[in-house]
Amino acid sequence: MKLNRTFKACAAGCAAVMMAAGLAACNSAPKEDAEYFDTISSYTFWENEGSEAIPQPNIGQMVWDFLRTPTDDGRAKKVAFIGYDGCRSDVLIHSLVSGAQGGVTEKNPNSALNKLLDEGGHIYHAYAGGIKGTATEQHTSTAPGWSALTTRVWGQLNGITDNGMPKNINYKTFMLQAAEELGMRATFGASWQPHFTENYVDEIQYVKDHPEIQMTYHLVKDDAELRDYLIDCVTAGSENEKDIIFGTFEATDHAGHNTGFANDNPDYIEGFLSEEQMALDILNAIESRPTYNQENWLIVIVTDHGGIGTSHGGQTLEERNTWVACNREIGREYMSAGGYNGYAIEATTETAQ
Ligand SMILES: [Zn+2]
């Protein structure tokens, strides 16, 4: 379902270089990367520059810093962390006004992203795949993406550099850590089975061994069931009520693998728009909580990787470039340092914590 094709992805842009120089690896940014970078950088909705793309681990670190910092106004802290799996930056132009040709000229009203931006939030360039050309480089795949986002370190440390690998229990997700250390109620919901059978098996066992920790791992059958479950989790008085919800929608990834990760593919666009509606349903459910005004919600919508052709896993910018939207400003301390734009081969400062 999610294939890893480092070689094929690299080969498209670097075949000529490799043949000429006899190189064993992809050592220059392909022309396609620069073109894609120019395209996505031209959109008007970004809050940061491409050269300030946020590394995946720093997004999770931002969430954990929010959770662990004592509240100063008495409001209870809550987190909604919602994923659109395999959602390229360029497909965003079908919801967000971007100034780009082929994009919408009026904002999509059925959009969680527009709701966040309308209410003071921002959207940022981010990246998957580790620092290219260094020891942190990892596959731009689902398991490495979500685990970097939730554990706040790349797979070099958390153990997941590719799909099919178990996470090191010493690097806990922010959901489990908040449940264990802060006494919060948290959930990890998804329809992608390997999360539960391969990647997070040690966390799941750890929670079984510590029944006092209020953390649940919840497998659903599809996006609609995930939406309904997460709405239940944010509904006051529900037996499933949580303080932290994490869930990943799969419509973009499924459409990408079936018919192509491309912003001119109607199936891919439709998948993205369905995720926008489902995430909006969750945000509306959060706002309808009777205690909403006494709560301090951090809302993050994010993707785990891009895609090229009908796959991902490699190191092209179309696979590495990602985005993150948040209902508040993400500080510069979380952004890439040293001008690293997430894809150039010149490795600079490791900014992940
Ligand atoms: Zn994915």
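Miscellaneous remarks
- Only one of Phe81, Phe66 that is within 16 Å of the ligand (Cβ to nearest atom) and either under 30 Å from Asn163 (Cα atoms) or outside any helix (DSSP H, G or I) (or both): Phe81
- Test: residue in region 170-181 that is surrounded by fewer than 23 Cβ atoms within 10 Å (Cβ to Cβ) and β-branched (Val, Ile, Thr): no
- Region 144-225 holds helices (runs of 4 or more DSSP H) entirely within its bounds, and those carrying 2 or more residues that are touching a residue at least 40 places away in the same chain (Cβ under 8 Å) and within 13 Å of Ile244 (Cα to Cα) map to 174-182.
- For region 43-63, the candidate set comprises residues that are among the aliphatic types (A, V, I, L, M) and in a helix (DSSP H, G or I); within that set, the residue that is surrounded by the fewest Cβ atoms within 10 Å (Cβ to Cβ) is Met62.
Throughout, read-outs are computed from the coordinates displayed, never taken from laboratory work. Here the structure is a predicted model, which means the values were calculated and not measured. No Cβ is skipped: glycine too gets one built from the backbone with ideal geometry, and neighbour counts run over all protein chains shown.
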